[in-house]
Amino acid sequence: MLYEYQRTQGGDYLRNFLGRVDGYLHIDDYAGYLNVAKVKLVGCWAHARRTFDEALKAAPPEARKPGSVTGQGLAYCNPWVKRN
């Protein structure tokens with residue numbers, strides 16, 4: 001795991017800094033990461049869970065059932081987020 005601080009989030013810095021990286025890059029869906037060569041982007045369970053949670057809260061009451069597609073997505077993400 002590597003952490004690097006920069007005053008901006010510019011995509012050019014990321015491409016230059018990570019240009020030789022070959023592997024997985026765990027991201028939070030920031031568009032600046034999309035053009036980094038030779039990496040496989042992997043998302044964050046907490047961000048995915050938040051999307052399902054917000055969608056479930058915004059849904060009409062009759063669609064807020066645990067068995068709904070959104071409810072199933074939230075249930076799938078919960079163990080991953082709570083474990084970490």
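The values are calculated or read from the model by the stated rules, or taken from the named source; none is laboratory data. Just so it is clear, the structure is predicted and the values come from calculations on it, not from any experiment. For neighbour counting, all protein chains shown are included, and Cβ atoms are generated from backbone atoms with ideal geometry for every residue, glycine included. Calculation scope for accessible area: heavy atoms of the full protein, side chains included, ligands and nucleic acids excluded. Shrake-Rupley method; radii C 1.70, N 1.55, O 1.52, S 1.80 Å.
The residues of the chain expose on average 81 square angstrom of accessible surface per residue, using a 1.4 Å probe on protein heavy atoms.
When the helices of the chain are scored as -39500 (n - 2.57) per DSSP H run of n ≥ 4 and the total is divided over every residue, the value at 222 nm lands at -13500 deg cm²/dmol.
Net charge dipole, the chain: roughly 200 debye, given to the nearest 20, about the Cα centre with Cβ charges of +1 for Lys and Arg and -1 for Asp and Glu. Modelled label positions at Ala46 and Tyr3, each set 7 Å beyond Cα in the direction of Cβ, lie 1.2 nm from each other.
According to the Cα-based calculation, Rg over Rh for region 1-75 is 1.16, with Rh computed by the Kirkwood formula. What a 1.4 Å probe finds exposed on the chain is 55% carbon and sulfur by accessible area, rounded to a whole percent.
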